[in-house]
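Step one of this worksheet: look at the structure below.
The values are calculated or read from the model by the stated rules, or taken from the named source; none is laboratory data. From a predicted model like this one, the values you see are computed outputs, not experimental measurements. Cβ placement follows ideal geometry from the backbone for every residue including glycine, while neighbour counts extend to all protein chains displayed. All accessible areas refer to the heavy atoms of the entire protein, side chains included, with ligands and DNA or RNA removed. Shrake-Rupley method; radii C 1.70, N 1.55, O 1.52, S 1.80 Å.
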Amino acid sequence: MSDMDTRQQKYEELLFAHLADREAGEVRFFVNERRFDIMRQAFADQLAGKSVLNIASGPFAMEFYLSPDCARIDSIDIDACLAPLHARLIEEELIAPSSFAVCDVMAFEPERQYDVIVVNDMFYTKHVDFYAVMEKYAPFLKPGGQLYFDILDRRAGPLWSLFNKDSRYRRYDMADVHATLQQHGFAVEASLPSLGIKGGMDRAIRSLLWHTAGVANNIIFLCRKGGAALAFAGAMLLGEPLLQAY
């Protein structure tokens, strides 16, 4: 067994132990590395040396799979059972030393600005408002810093409703999302469809919907604070790729 396989096995064991009250399928979702394929592509190796705020971190899968050599990474989540898990992951050296706070996203008060803010798998819930989160956290991203998030597209709602998979979720108009980002000084570097993490027929159907109708269940955004000119200049200076937006 390779070192990565051993680390993966230990990570899964700790998640199942600390999330014993959750359904096995939910835990398997957390440990599915495919969730981070697009994030890995978007950031490449550009997280090294940067300060990162991970909002609604969940069980620290980003910290485990991307393994960024960050200068600092602060994570927050409302789930109190994640605190002992975070401590064990650091103790086992499965993630880099980092901070974690049990806190509601709208109650957290950042003490600094960050190079990167990540909001992964949060805006689907009806208990969180995208517009309010942008209003609160935009000032805590440094000029030239990057914002990464995913959000459910309203256009896909009727289709997912046919499978009784939409009533629990909140969807947004993508034109409103773009307008809000512009209002807060963000330039969109990439807007990419998430094609799911199951692979096989599920991915094939999602891909067909996207390429034929331009519809995806959720859209992933990579943005840079400071406008298009600053985004381009920063990318050229730092060697960071400007992903082509669909």
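Quick one: compute the contact order of the chain, relative version, from alpha carbon pairs under 8 angstrom and 6+ residues apart, as a percent. Kindly include the intermediate steps, with their values, before the conclusion.
Working: 374 pairs, mean separation 40.7, N = 246.
That works out to 17 percent.
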For Glu189, other-chain or 5+-apart residues with amide H closer than 5 Å (H placed, Pro excluded) are Leu222, Cys223, Arg224
Surface accessible to a 1.4 Å probe, Met201 within the full protein complex, Å²: 140
For Asp176, what accessible area in Å² do you get when you roll a 1.4 Å probe over the heavy atoms of the protein chains, rounding to the nearest 10? 70
For Leu141, list long-range residues whose amide hydrogen, built 1.01 Å from N in the peptide plane, is under 5 Å from its own amide hydrogen. Tyr114
Distance violations [Cα-Cα > 27 Å] among Lys126/Lys198; Lys10/Lys198; Lys10/Lys136: Lys10/Lys136
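Using only DSSP helix segments of four residues or longer, with each worth -39500 (n - 2.57), what per-residue ellipticity at 222 nm results for the chain after dividing by its residue count and rounding to 500?
On the way: 10 runs with 94 residues, N = 246.
About -11000 deg cm²/dmol.
Express the carbon and sulfur contribution to the solvent-accessible surface of region 1-118 as a percent, rounded to the nearest whole number, probe 1.4 angstrom.
49
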Sequence of Lys50, Lys126 when ordered by accessible area, the most exposed leading, probe 1.4 angstrom: Lys126, Lys50
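Just subtract the alpha-carbon distance of Arg28 and Cys103 from 0.36 nm times their residue separation and send over the number in nm, one decimal.
Numbers: separation 75, 0.36 × 75 = 27.00 nm, distance 2.42 nm.
My answer for the length gained is 24.6 nm.
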Rounded accessible area per residue of the chain, 1.4 Å, Å²: 50
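Over region 124-176, what percent of the accessible surface lies on carbon and sulfur atoms, probe 1.4 Å? Show your work: numbers first, answer last.
Values: 1580 of 2840 Å².
Accessible surface attributable to carbon and sulfur in region 124-176 totals 56 percent.
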Exposed loop sites here are GluC sites (Glu not before Pro) in DSSP loop states with at most 14 other C-beta atoms within 10 Å. What is the longest stretch of the chain lacking them? 112-246
Taking the full set of protein chains and a 1.4 angstrom probe, give the accessible area of Leu141 in square angstrom, rounded to the nearest 10. 0
Which aspartates and glutamates does Lys142 reach when only Cα atoms under 18 Å apart count, and residues fewer than 8 places away in its own chain are ignored? Asp74, Glu109, Glu111, Asp115, Glu189, Glu240
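Sorted by accessible area (1.4 Å probe), largest first, how do Ile205, Ile219 line up?
Details: Ile205 90, Ile219 5 Å².
Reading off the accessible areas and sorting them downward yields Ile205, Ile219.
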